[in-house]
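Q: Below you'll find the structure I mean.
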């Protein structure tokens, strides 16, 4: 596993590096040692890391926004479901019962869409 790592050298220059770690285990799976390697990143790699971090920030922001929108849809949908359930317990005409049945089907479809929504697959396209 490689992790981006930054530090300032003795002259105060900002340096980006990659920190690689490998664990050593015995036959029982107990960690007996760790090897760490610090690689100074080339300017091309530093630029690629910067682009990667920026892309990750944008992706996280989009996922948060989608999660917020999803919740904002769920809240009123729960209110609609509750109201429909209250109405089902009242005396209704046949037409009104049909309207409530249609409403229930629509609610179920929306709940299914929201519950099946995989935010990461949406982000992947």
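The values are calculated or read from the model by the stated rules, or taken from the named source; none is laboratory data. A quick note: this is a predicted structure, and the numbers were derived from the prediction, not measured. Every residue, glycine as well, gets a Cβ built from its backbone with ideal geometry; the counts of neighbours run over all protein chains shown.
Q: If we keep just the residues of segment 33-43 that are more than 15 Å from residue 1 (Cα to Cα) and surrounded by 11 or more Cβ atoms within 10 Å (Cβ to Cβ), which is modelled with the highest pLDDT?
A: Out of the qualifying residues, it is 40.
Q: Since residue 46 meets every condition but one in (1) closer than 30 Å to residue 112 by Cα; (2) surrounded by 10 or more Cβ atoms within 10 Å (Cβ to Cβ), which condition does it not meet?
A: The one condition residue 46 does not meet is (1).
Q: If we scan segment 10-17, do we find a residue that is surrounded by 11 or more Cβ atoms within 10 Å (Cβ to Cβ) and in contact with a helix residue (DSSP H, G or I) (Cβ under 7 Å, 6 or more places away or on another chain)?
A: Yes: segment 10-17 contains one or more residues that are surrounded by 11 or more Cβ atoms within 10 Å (Cβ to Cβ) and in contact with a helix residue (DSSP H, G or I) (Cβ under 7 Å, 6 or more places away or on another chain).
Q: Determine, yes or no, whether residue 123 is at pLDDT below 90, in contact with a helix residue (DSSP H, G or I) (Cβ under 9 Å, 6 or more places away or on another chain) and on the phi < 0 side of the Ramachandran plot.
A: So residue 123 fits the description; yes.
Q: Can you tell me which residues in segment 59-84 are more than 17 Å from residue 114 (Cβ to Cβ) and under 12 Å from the mean Cα position of the chain (by Cα)?
A: Passing the criteria: 59, 60, 61, 62.
Q: Residues 66, 110: which one is touching a residue at least 40 places away in the same chain (Cβ under 8 Å), surrounded by 10 or more Cβ atoms within 10 Å (Cβ to Cβ) and farther than 19 Å from residue 1 by Cα? Break it down stepwise before answering.
A: Working: 110 fails: touching a residue at least 40 places away in the same chain (Cβ under 8 Å).
Residue meeting the stated conditions: 66.
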